[in-house]
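The numbers here are math on the coordinates, done by the rules we state, and not lab data. These numbers were taken from a predicted model, which means no experiment stands behind them. Positions of Cβ are generated from backbone atoms using ideal geometry, with glycine treated the same way; all protein chains shown enter the neighbour counts.
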Amino acid sequence: MYWRPFRVLLVALLVVMAIGAPPAHATTVDLSGTVALSNCSGSLVTLAGLPASAPALVLTNGHCLEEGFPEPGEVIVDEPTQRTFTVLGGDGRELGTVRASRLVYATMTGTDAALYQLSARYTDIERAYGVTALELAVDRPRAGTSIAVASGYWKWTYRCSIDGFAAELHEGSYVWQDSIRYTPECQTIGGTSGSPIIDVTTGKVVGVNNTGNESGQHCTMNNPCEVDESGQVTVRKGIGYGQQTHLLAAYLSGAGDFEGPGGQLARLGGELAGLGGGLAGLSGGLAGLSGGLAQDQL
């Protein structure tokens, strides 16, 4: 999994100095809408129909939680948090920070995703930083789609295509369903975990980057393997993967129940039902939010 724990941040910086520029296939393009975490990447995301007055959302990986990895089978829902994120401009410039008030959802079972709700509204962020959120696509992406993996942690964007999908992706004790497999051009590295996978044609988020096979090992941590419907195992050294987000978007917009391919995210439907899921549950709770928020931290 492509994460960077805070305690080894210095090591990560030394690695950057050692490798110099990123690979030739990683080009600096528009990073607007992305955020940097202490150990990972992420993005400000929204849904079609979600009002600009709603609390903003940040998408990253479940394995990027400050508290550590969720256990296999664990689903975390509606927990208070004070986590901060650095908002980036299109050129990668750090514009300021935003703070989460709530961890809406996180898991590493079936998928590898975490969704935070911020104390600031979309309008607050746009007014302070001139940044708008990326829209989550509600449709399943297709093989051959041209994509960009935009890393707020490294301030680089990788461009490639969706090569196909893994029925199951196994990494250590974790299993993810219907994972996106990249073509070799996207040689994502540690710290790119949580980066949005963006359909370059629509500009919408179709997934969240989470791992890659680093050394060719079979199904170990940082070396995921693919398992097809018949149980055949395939290892693709150097290939990166991400998790689809259309089921998450469909549920949050009230258009789905997570009974998707392979039962991916099936647990989330029941867990979020108690939160009053859908757009109504995301657009309230701002009565106490006053104006005049400092522009260096929302």
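Is the shape of the stretch 59-213 rounded, prolate or oblate, going by the alpha carbon gyration tensor and its root eigenvalues a ≥ b ≥ c, with a/c under 1.5 for rounded and a/b larger than b/c for prolate? Oblate is the answer for the stretch 59-213, as a/c is 1.5 or above yet b/c matches or exceeds a/b. Under 13 Å from the Cβ of Val200, count the other residues' Cβ atoms, weight Lys and Arg +1, Asp and Glu -1, and hand me the total. Net charge in that neighbourhood comes out at -1. The modelled label-to-label distance for the pair Thr132/Glu79, using points 7 Å beyond Cα in the direction of Cβ, is 3.4 nm. The spacing between the stretch 172-187 and the stretch 197-240, judged by their C-alpha centroids, is 1 Å.
Between beta-carbons, use under 15 Å as the cut-off and find the net charge around Leu50, counting Lys and Arg +1, Asp and Glu -1.
Numbers: positive: Arg121, Lys204; negative: Asp124, Glu126, Glu135.
Net charge around Leu50: -1.
Take the Cα of Arg99, step 7 Å along the line toward its Cβ, and report every residue of the stretch 124-138 whose backbone nitrogen sits under 18 Å from that point. In the stretch 124-138, the label zone of Arg99 (backbone N under 18 Å from the point 7 Å along Cα→Cβ) covers 124-126, 128-129.
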